[in-house]
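Here is the structure we will look at, set down as structure tokens.
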Amino acid sequence: MVIEITEGLLLDAESGIVGKLLEFRDAGIQASIDDFGTGYSALSYLKKFDIDFLKIDQSFVRNLAADFNDLALCEAIIVMAHKLELKVIAEGVETEEQRSLLAAAGMRLRSGVFVLQAVACR
Amino acid sequence: MQHHAQARLKMINELRGALAASQFRIYYQPIVELATGRINKAEALIRWQHPKLGIINPVQFIPLAEETGMIVEIGDWVFKESARQLKLWRALHNIELQISVNVSPVQFSDAWRPAQEMVHVFERAGAGRKKHGH
């Protein structure tokens, strides 16, 4: 299992948060930062906390093809994350163009467009 | 204004009964590997299947659940239910599968004994990574 938390939580973090995240870690539960890049971020939390995944917010992905700045930000986040040995997930990828731009930038994972509902089989 | 306040109170009251009445559903959004199209991860997303209003999205009720503290109970349920589903999917389809659940900052508040409860649930559900040799 993975828990998704937001940057804001880590920013006001008291030492209690570190302990709670470590408890999850000990149980084999990983941590993911949701909506990365949209909150009040202080990148120092990336070294202070044991984080496994960054999810790039869909606002960066939406205009990827048209907005060079968004592409530059995505590329920079991907490089930074991989150097820190974090996995990156792109949220809100809807077009083939977005997919190929992200793949060229080194992105390996994206969230899907469709959702599945588990079928009860009791 | 008054109408808005009344609607809000009504929703809070209905939210209180929703868990017991099994009105929450979890949808799983796959996370896809760009190169291969493989799905080894999914995100659990909650929806409220309201008996009269139909499906209610989390943006409409999670803030109320956070304000009232109900998010702790709802969050525990999402975690428990996702862990149960993960165990099933791992056994049936894909041993590598991971499910992620959103955890509200409110759930991290001081009073919350997070992990013990959730971790026990997780271990009971048998969805721990260690058991599969990772």
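The values are calculated or read from the model by the stated rules, or taken from the named source; none is laboratory data. Because the structure is a prediction, the values reported are computed rather than measured. Every residue, glycine among them, receives a Cβ derived from its backbone with ideal geometry; neighbour counts consider all protein chains shown.
A Cβ distance below 7 Å, combined with a sequence gap of six or more or placement on separate chains, defines the contacts here; from the stretch A:91-104, residues that are farther than 14 Å from B:ILE31 by Cβ reach no residue that is of a type in the set (Phe, Trp, Tyr) and not in a helix (DSSP H, G or I). I'm checking my understanding of the structure. Among residues of the stretch A:42-63 that are buried (at least 18 other Cβ atoms within 10 Å of the Cβ) and at pLDDT below 90, which one is nearest to the chain's Cα centre (by Cα)? The qualifying residue nearest to the chain's Cα centre (by Cα) is A:LEU46. From the list B:ALA83, B:ALA7, B:ALA21, pick out the single residue that is modelled with pLDDT under 95, loosely packed, with under 15 Cβ neighbours inside 10 Å and small (Gly, Ala, Ser). It is B:ALA7. In the set (1) over 28 Å from B:ARG90 (Cα atoms); (2) touching an Asp or Glu at 6+ places or on another chain (Cβ under 6 Å), B:ASN40 fails one condition alone, (1). Here A:LEU21, A:LEU109 are screened, and the one residue that is at pLDDT below 90 and within 10 Å of chain B (Cβ to nearest Cβ) is A:LEU21. Restrict the check to the stretch B:111-118 and report whether at least one residue is modelled with pLDDT of 90 or more and within 26 Å of B:TRP48 (Cα to Cα). No: zero hits.
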